[in-house]
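To start, the structure itself, in structure tokens.
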Amino acid sequence: MDVTARQHHPATIVSVSGSIDSLTVERLTEFLAEQIGSGRTNLVLDLAQVNFMSSAGLRAILAAFKEVRQPGGDLRIAAAQPGVLKVLKMAGFTNILKSFDTTDEAVASFS
Amino acid sequence: MSKLFRIARAAEFESLTAFREFIDTTCAPLAGVDEALLYDLKLAVDEACSNIIKHGYAGMNPGSVILTIAPQPDRVVMTITDFGRAFEPSPLPAPDVDAALGGAELGGFGLYFIYQTMDEVDYETTEDGNHLTLIRRIPHSRPS
């Protein structure tokens, strides 16, 4: 799994690639915490290149979502592939998180 | 008797990728198995193996986890064998995300996903280990 961040005013796009499972989730959790710790609380989680995500990924997403909401930010999902989107839906996450087909749409939603 | 495919790996998170790749290699060529079904198979096995590694072998030297796949014309039968603590799964209601937002610990998704994605879940403990059998029907498949 690889994870990178880039600024795209007014949001920060966190792009993940590869698999989010019990092995890799810790790195994602730490990376998101670093971003939030640096004051980046409008996050777009770009999942376009994620080919697999288990329930481990949900814990990372929920932890970051709770953190960004405290100072009034938000975490929004972008470009999740069908399997990953199904995981988010089964867990009820699509009821609490906004999800967009593209990162551009997710970034624009912060304006 | 249908052909059996088998992979054994150490009970550690580093093995999860190998199990998922094994499912890809074994099941992707099967008639009627599309990307969505393949994802469900990988998700159920990943969740079950994660639970075994995290809880079944907790406090013990990591033993092994064995995955066997028996493809049949109308179903995929997967059996996961481990030698850790027995843990009989049972169907759970959907975890409460709203409660988790309020601070409650978020858990139980692994088992919930297994029961959501599989048609049958069976568990048996014998002298030869714990055996979790996961069965998923292949829709619209014709016997070959």
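Yes or no: B:Thr81 away from chain A (no Cβ under 14 Å), among the polar types (S, T, N, Q), in contact (Cβ under 8 Å) with a residue 40 or more places away in the chain and over 15 Å from B:Thr133 (Cβ atoms)? No, not satisfied. In the set (1) within 18 Å of the chain's Cα centre (by Cα); (2) closer than 30 Å to A:Phe65 by Cβ; (3) outside any loop (DSSP other than H, G, I, E, B), the condition left unmet by B:Ala99 is number (1). In this structure, B:Leu111 does not qualify as over 14 Å from the mean Cα position of the chain (by Cα) and modelled with pLDDT under 95. There is at least one residue in the range B:58-66 that is of a type in the set (A, V, I, L, M, F, W, C) and within 14 Å of another protein chain (Cβ to nearest Cβ).
The helices (runs of 4 or more DSSP H) found wholly in the range A:20-94 and carrying at least 3 residues that are within 9 Å of chain B (Cβ to nearest Cβ) occupy A:55-69, A:82-90.
When the range B:1-50 is filtered for residues that are part of a loop (DSSP other than H, G, I, E, B) and either under 20 Å from B:Ala70 (Cβ atoms) or within 8 Å of another protein chain (Cβ to nearest Cβ) (or both), the ones remaining, listed by number, are B:Met1, B:Ser2, B:Lys3, B:Leu4, B:Ala28, B:Pro29, B:Leu30, B:Ala31, B:Gly32, B:Val33, B:Asp34. Of the residues making up the range A:58-82, those that are surrounded by 20 or more Cβ atoms within 10 Å (Cβ to Cβ) and out of contact with any Ser or Thr (no Cβ under 9 Å at 6 or more places or on another chain) number 3. One residue stands out in the range B:122-144 among those that are assigned to a strand (DSSP E or B) and more than 12 Å from the chain's Cα centre (by Cα): the one that is farthest from the other protein chains (Cβ to nearest Cβ), namely B:Thr126.
Filtering the range B:102-121 to residues that are more than 7 Å from chain A (Cβ to nearest Cβ), surrounded by 13 or more Cβ atoms within 10 Å (Cβ to Cβ) and over 26 Å from A:Arg69 (Cα atoms) leaves B:Leu111, B:Tyr112, B:Ile114, B:Tyr115, B:Thr117, B:Met118, B:Val121.
The values are calculated or read from the model by the stated rules, or taken from the named source; none is laboratory data. Note that the coordinates shown come from a computational prediction; the quantities given were computed from them, not determined experimentally. Every residue, glycine as well, gets a Cβ built from its backbone with ideal geometry; the counts of neighbours run over all protein chains shown.
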